[in-house]
C-alpha cells in the first residue's frame with residue numbers, strides 16, 4: 001500500500017502558511033490602549049486645532065501682501081485650442097513589497113495622447129524591471145526614482161510617436177531632492193540616479209528640439225516660496241505653504257507665475273552634467289534646466305503647481321487655458337486623469353502579485369526545485385500590508401477584467 005502523499009502546503013514553514021491563508025481571513029480588530037486613545041483622539045486633536053487656529057491667523061495676516069505681490073491672470077475656456085492640439089500626458093505608479101529576504105520593487109508608467117476630451121490612440125505603457133534588492137537601504141526611494149525614470153522614458157516614446165504640441169507630466173520634472181544619493185548610498189542607487197537624470201534630460205531636449213511645451217503638473221507640493229519672496233518672518237518656525245496662501249487668492253481658472261526660479265541644487269547639477277554628456281550647448285542646457293513655477297486653480301479643490309523649463313515660459317497662457325478647459329470639479333485635466341487611472345499600483349495589485357509568487361513558488365516546491373524551508377524567503381516583513389479585502393478590491397477586479 002502506497003503511503004498517502006502529504007500536501008505541499010502542510011510542509012510549509014508556519015509563517016508562510018499563516019501569511020498565505022491570512023489573505024482570505026477577516027482582518028483583526030483594531031485595538032489601542034485607552035490612555036493612548038484619549039491622548040491621541042481627545043487631547044491630541046484639541047492641541048492640533050489650537051495650532052491650526054494660529055496657523056490660520058498668520059495666513060490671514062499676510063494674505064493681503066500676497067495679493068499685492070502676485071499677478072493673477074484668468075485662464076480662458078477654449079475648446080477650439082484644446083481640440084486642435086495633441087496633448088500627451090503621463091503618470092507612474094509604484095508599490096513594491098518587502099519580504100524577509102529582499103525588497104521586490106513594483107513600478108510602471110503609462111502615457112496617453114488626447115485632443116480635448118478624446119483619447120486619440122492606444123496608450124503606451126512601460127513596466128519596471130522585475131528584480132529583487134537584498135541589501136538596499138533606501139528601497140522605497142530607489143523604487144520611486146525608477147518609477148520616475150520609467151515615466152520619463154515612456155513620455156519620450158510618446159513624444160516621438162505622437163509629436164504633441166503639449167506634454168503634461170504628472171508630477172515634477174525635477175527629481176525630488178529627497179532622492180539625491182548621499183553618503184552610504186549603494187553603487188546601484190547612484191547609477192539609477194544618474195540614469196533617471198539622463199532620461200529626464202533626454203526628454204527635455206527632445207521637447208526643446210521639437211518646440212514642444214512640457215509642464216509638470218504637481219498635485220502634492222510642500223513648497224513655501226511665497227513667504228521667502230515676501231520676506232515674511234513667521235514665528236515658531238512655521239512656514240506657510242504656497243497652496244495655503246494662494247487658496248485665499250486664486251479663484252476658479254486663475255493662475256499666477258512665481259518669481260522664484262530653480263537654478264541650483266543636487267538634481268539640477270546632475271541634469272546639467274547629463275546635458276554635457278549629451279553634448280548639448282550651454283544655451284540649450286540653460287533653457288532646459290532653469291525651472292519656473294506657477295500655480296493654477298483648475299477646479300474646486302486646492303491650486304496645483306506647474307513646473308516647466310524656461311523655454312516654455314512664453315506658452316504659460318496657452319497651457320493654463322488647456323488645463324482649465326479640460327478639467328472638471330476635481331481640477332485634474334482629462335488626459336492626466338486618464339493616465340493616472342491606468343497606472344495605479346494599488347495595494348490590491350501588489351498583493352495579487354505576491355499571491356502569484358506564493359502560488360508559483362509552491363509549484364517549485366512540489367517539483368523539488370525549492371525546498372519548503374526556502375519558502376521562508378517569501379515571507380513578508382512584519383507590518384507589510386497583506387489583504388485583498390480593501391474596499392476597492394472588487395472595483396479593481398472589474399476594471400482589470402474590463403467590466404463596468
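Data for the structure
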quantity: Spans of strands (runs of 3 or more DSSP E) in region 1-116 with at least 3 residues touching a helix residue (DSSP H, G or I) at 6+ places or on another chain (Cβ under 8 Å) and modelled with pLDDT of 90 or more; calculated: 87-94, 107-115
quantity: Failed item in (1) over 26 Å from residue 291 (Cα atoms); (2) loosely packed, with under 15 Cβ neighbours inside 10 Å, with residue 182 passing the rest; calculated: (1)
quantity: Filter result for residue 291 (touching a residue at least 60 places away in the same chain (Cβ under 8 Å), within 24 Å of residue 158 (Cβ to Cβ) and buried (at least 16 other Cβ atoms within 10 Å of the Cβ)); calculated: yes
quantity: Filter result for residue 315 (touching a strand residue (DSSP E or B) at 6+ places or on another chain (Cβ under 7 Å) and either assigned to a helix (DSSP H, G or I) or buried (at least 19 other Cβ atoms within 10 Å of the Cβ) (or both)); calculated: yes
quantity: Of the criteria (1) closer than 22 Å to residue 175 by Cα; (2) in a helix (DSSP H, G or I); (3) within 24 Å of the chain's Cα centre (by Cα), which one residue 345 fails; calculated: (2)
quantity: Residue list for region 295-312, filter: under 16 Å from residue 169 (Cβ atoms) and either under 19 Å from the mean Cα position of the chain (by Cα) or buried (at least 22 other Cβ atoms within 10 Å of the Cβ) (or both); calculated: 296, 298, 304, 305, 306, 307, 308, 309, 312
quantity: Check on residue 268, farther than 16 Å from residue 69 by Cα and surrounded by fewer than 22 Cβ atoms within 10 Å (Cβ to Cβ); calculated: yes
quantity: Any hit, region 298-308, residues being part of a helix (DSSP H, G or I) and either under 25 Å from residue 259 (Cα atoms) or without any contact (Cβ under 8 Å) to a residue 60 or more places away in the chain (or both); calculated: no
quantity: Count of residues meeting criterion [at pLDDT 95 or above and farther than 19 Å from residue 303 by Cα] in region 248-266; calculated: 0
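The values are calculated or read from the model by the stated rules, or taken from the named source; none is laboratory data. Bear in mind the structure is a predicted one, so any value in this text is a computation, not a measurement. Neighbour counts are summed over all protein chains in view; Cβ atoms, including those assigned to glycine, are modelled from backbone coordinates with ideal geometry.
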